[in-house]
Structures are given as C-alpha cells and as structure tokens.
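Structure first, commentary second.
Throughout, read-outs are computed from the coordinates displayed, never taken from laboratory work. Treat the numbers as computed from the prediction; the structure is a model and nothing was measured. Virtual Cβ from ideal backbone geometry, glycine too; neighbours counted across all protein chains shown.
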C-alpha cells in the first residue's frame, strides 16, 4: 500500500541539511504513481535518509492543496532549505528535479 | 428533425445582442467554447457572462485563469462598471492557474488534482458557472498531443459529473491555424462554439463575433460587430430581416412652412430624411431648424454631430436665428459630438444606441452621417449607416441625417453610403451659379407616400432662420438671387399698376351705381304720385255715378211714378257724406 499522508525517514547524523518536501498527488493517477516512484528513487540515491517527505492526496485535501498554491498533479514542493522550489510533473526528468532540490549530481 | 417539442434550455448571458444572436444565450448544462486570437474579447465575454449571472440571478461562478493572473484580470475589468472586486469576495472565485515561470517541469502531469480543487471550491461556494480561460496555455504545457486529448477528456468528464449551469472554455485559436490538432476535438466535445476576431481595417480595430456551432439550436449565422463600452461588451445583433415599421400619417413640421408645404404638409412621424449637398449648402442649418422645431413642440431630441463640438454648432446656428442652447439647458435637447476617425463605425452605432436608450428622443439629427465612412472600411460604414437608420425607425424616431456629396450632383450620394435608397425623404441642396452669383437651391428628390413639389427653390438664410424664397421661372429656369430680385421688382411694379387700374375702375362703377340708385328713387316717387292720382280720379267718378242715381229717384218721386220711401232720403244723405270723404282723400 502506498503511503498516503505523511512519511518520515530519519537519516543518520550527517552534515547535509535535511530536505523538507511535499509531494501532491491525485490518488492513484498514473502520473502520481510514477512521481512517487521517481522521487523515492532520487531520494534513495542522492539524499539517503536526510530528507523529510510529506505526500498529500489532493483528492482528499483539495482545499489544503489550493491554499498551498497547487494546481496540477503531481507537484513537488521543496520547503527547505531555501530557496523554495516547485516542480510539476511525474519527475521523470531527474536532472531538473535534482537541480530544483539543490542537489549536485 | 420534425417539430421542436422541447426547445433547448438556455441561459442568458446578459450581453447585449448576443442573447438575440443565440436565441436565448448559452446552452444550459453544456459547454461552450470561445475561440479567437489574442485580444479578441473571449475573456471579456466569459467574465461578463459570469458577472451577469451573479448580479442578475445570484448564481455564483468560478473563473480558472490559465493565461493571466487573477490580479491582472480584475485590473483589466476595472474599466467596466461590474464592481468585480466586490463580487470576487464571495460570489466569484478566481483560481490563479497560471504556472509561475519559476516552476520547473519534469515529466508529464495532469489536471486530476486541479479538478479536485475546483470540485471542492464549487461545493463550497455553490458555483453554477465555470470558466476555463486560456486552456490553450495549459495544453501547451502538456507538450504532447496525446496528453492534451487526455486532459480535454478529463475536463469533459468533470463537467459531466459536476453539474454546472454553464461551462465556458476559452482558447486562443486563430481561424486557420492548424497547429493545434486537438482543437478540432475540443470543438467536437463542446455544444456551442463562438468565434471571436479582432482585425485592423484602415488602422481601426474592429471586433467581430460569430456563432459557428450550436448543437440542437437555431442561431443567427454570420459575423457581427462587437464593441466595448462602460458596461462591457455589446454585440450589434442584426435587426429582423423583415422590415416592419408602422406607417404614421401624423405630420411633423420641418420648421418652416414653405418646406412643409413642399413636402405636402411636413415629414411623416417616424420617417427618415436625408439631406445631401456639398459643404456649405446649409445642411446643418436645415437639420438644426428641424431640431429646434421639435424642441419647441416639447419633444425630446438628440443632435449627433460628427463634425463639430456642440458649442460651435449652437453658436453658428444662433446666427441664423436657430436657438438650441435653451433646449439643451431644459434637457429636451441632447447634443453629442464625436470624432469619427478614432473609433470604428460599429462603435458609433453602439454609442448611439446607448444614447438613444438614455435620452429616449422622438426626433433625431445625425450630422453628417457620411462621416462614419471615415473610420473603417466603406462596407462597414454602409452597413452601419443602414442599420442606424433602421434602428432609429424601429423606435419610431423621426430622423434627419445629412450627408456630404463630393460633386454637386445628387446622384453621387447613391454611390456613397447609399442611404438615399432607404431614406423616406431626400432633400438635396446645391449651389446654382448664374449671373456671377452663387445661390443655394433646394430640391426634394423624393418623399415617399406624399405629394411633394417638384420645383427647385431658393434657400435664403436670414437672421430669423432659413426660408424658401418664392419661385420665379423665366425661360424654364428658376430665378435666384439678383435675378430673382429683378423679377420680384418687376412683379411689384406690375402689381401696383394693376391695383391702380382696379381702384379707378371701381370708382367709376361705384359712381354709376349711385346714379342708377338716384334714378330709381325718383322713379319710385313718380310711381307713388301717379298711383295716388289714379285713386282720386276713381273715387270722384264713383261719387258722380251715385249722385246721378239719387237725382233719377228724386225725379221719379216728383213725377209720382213711384210710392214714396223714407230710406231714399237717407241714401241721398249718405251719398253727400261720401262725396266729402273722397275729396278729403284727394
């Protein structure tokens, strides 16, 4: 079963700052499922455990998504460290995601 | 289809003219596509429909803006009197769906999330209208025709599941651009397609609207002018093709008796009159006289000038005894001046329409209508001039329009705006140059349904207003100016002579009559005298007869021939008395 609301993975003590992200998805829409998979792969490879990801189902919390300025799904919002960034799409273009998250390849 | 048992339910947009074109508005519970190039009016149409739904029927709405930010949209609409910011607080929800340039795109996305948000918002405010503005911007982001089609399907399904009264999708599609294959599909998916166009003609922007598809409903085909005023967009819907104007038999004075007489008693109420002529032939003066006369009758009047501002017109007319200012002050007369180059011919039509709505005139002047040909193309101007006159006639307004001719021949008007064919009365003013003078001549070329003079008259401008001078013809020509004066002098001299002759003759006849009367009196006197004489003579004669018969009886008694009778003596006495009476009478 996919994680629906929130999922935290603690990393071992490290020098890198924890990346806080929110992924907005639309239930089991194909692009949303792809986005989750793509993001998990990126995190595993580049962030190990130094990240915090919240996954929000827009179908369940539409008004929250609206308040967060989300329009299309899937959308990834990087909250911290600054600068904040937003990526839309199923995150298949890995380099642009890494760039937005401020991670060097 | 046979018989229309259930006409398609429709929702009026409240956009002037469009609800007439579409026979009632947008299809209820269906989707309408507005397509057209940038700046063609799609967004205004969508927003205005939404605003009207809120204001007139308390129906809330959602506006999804893909192209412009909400702030921009509200700012753009500030020039209209919609009170949008207030509506946006509770009854209208604007979703800023413009992707910020900072947003990074990585792979495909879809609208599932957005539609979920819209559904929630719709339920929250009870929205019954939804507009997706600039869907093309969104679709371009999808970068893939298959994805585009998929998302269009998604929107369609959403609309099917979320019952709204009306949905409007706008898309920037230029008429013949084939780049967006899927727009064909969009058109198929919607029930009503409205095309918008903005084009430049002679440097003036013209807006057009056309309904290209309306599933299950009749509509007025063809493209129609659109213009923008204070209350938003207005479509200049065509007048009914059947001309139905009630014919009035009431006559309206033009302002001077002689012209009324030439027109067989004046203009018909609700008729249209065209005055043509080269510049300087007093077209405005004539029209001004008409306006002043209408005001004097207490009728509301609208004076539209495309030439000059109201102030100089009133001043110039007052120099020939036509006073418009008091009527402007009293509110009876409304003077409107406008430059013609700056806006398209249709815009004039729309402005005049709203002026007529505001002022509700019974009489109207447009001076000169030919000026609208300056803005935009001739075809447009011609159509506008025609529609303008029909519009005015529909409202039973008696209208006088002027038009400038290039040549002095009235026929040149016929090649120009062609108003002469629809005007009921056509008065032509020209200059006649003879004997070194330039005089104004007035001809009535036509006047429908009435007797009218066929003679050319001289128009004279005095300080008490225009008058038509008496006509003298000599050698088949109407005499004007000095020639007319000479002729008039000649006529005057003749008249004086004729009068003197007449007076003389009358004197003679009166003397003869008096003489005859005197003679009759004398004869009468004679007659009376003669009658009296005759009477005297008759009674003397009678007395003689009586007395002689007395004497005979006396003689007989003396001779004792008869027995004596007392009565005879009495009889004799009475005879004597009679004789005396007659003598008295004589």
What percentage of all Cα-Cα pairs in chain B are separated by more than 41 Å?
52 percent
Checking a compactness column here: for the stretch B:10-235, what do you get for Rg(Cα) / (2.2 N^0.38 Å), N being the number of residues?
0.96
Just to confirm the number: angle between the C-alpha axis of helix B:566-585 and the first principal axis of chain B, 0 to 90 degrees, nearest 10?
60 degrees
Please report the spacing between the Cα centers of the stretch B:102-148 and the stretch B:283-310 in Å, no decimals.
57 Å
What is the fewest-to-most order of B:363, A:43 by other Cβ atoms lying within 10 Å of their Cβ?
A:43, B:363
Tell me, B:42, A:78, A:34 in order of fewest to most beta-carbon neighbours within 10 Å?
A:34, A:78, B:42
Partner chain Cβ atoms within 10 Å, averaged over the residues of B:92-98 - can you pull that number for me?
1
Residues of A:25-35, mean number of Cβ from any other protein chain within 10 Å of their own Cβ, rounded to a whole number?
4
When B:498, B:440 are arranged by how many other beta-carbons sit within 10 Å of their Cβ, fewest first, they go B:498, B:440
Computed over chain B: longest principal axis from alpha-carbon atoms vs helix B:42-57 long axis, angle to nearest 10 degrees, is 70 degrees
Note on the stretch B:251-485: contact order normalised by length, alpha-carbon pairs under 8 Å, 6 or more apart, percent, works out to 26 percent
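Can you give the convex hull volume of the alpha carbon atoms of the stretch A:6-101 per residue, in Å³? Walk me through the numbers before you get to the answer.
Numbers: hull volume 8.4 nm³, N = 96.
Expressed per residue, the convex hull around the Cα atoms of the stretch A:6-101 is 87 Å³.
What average number of partner chain Cβ atoms lie no more than 10 Å from the Cβ of the residues making up B:116-124? The partial results should precede the final answer.
Details: counts 12, 13, 2, 2, 8, 3, 0, 1, 3.
That average works out to 5.
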CD proxy, 222 nm, chain B: helix-only mean residue ellipticity via -39,500 (n - 2.57) per DSSP H run with n ≥ 4, per residue, nearest 500, stands at -14000 deg cm²/dmol
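In whole angstrom, how long is each semi-axis of the equivalent ellipsoid of the stretch B:251-485, when you take the square root of 5 times every eigenvalue of its Cα gyration tensor and sort them from largest down?
27, 20, 17
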Taking every eigenvalue of the Cα gyration tensor of the stretch B:1-95, multiplying by 5 and rooting it, what semi-axes result, largest first, whole Å?
26, 15, 12
For the pair residue B:544 and residue B:455, the simple spin-label estimate (label points 7 Å beyond Cα toward Cβ) gives in nm 8.1 nm
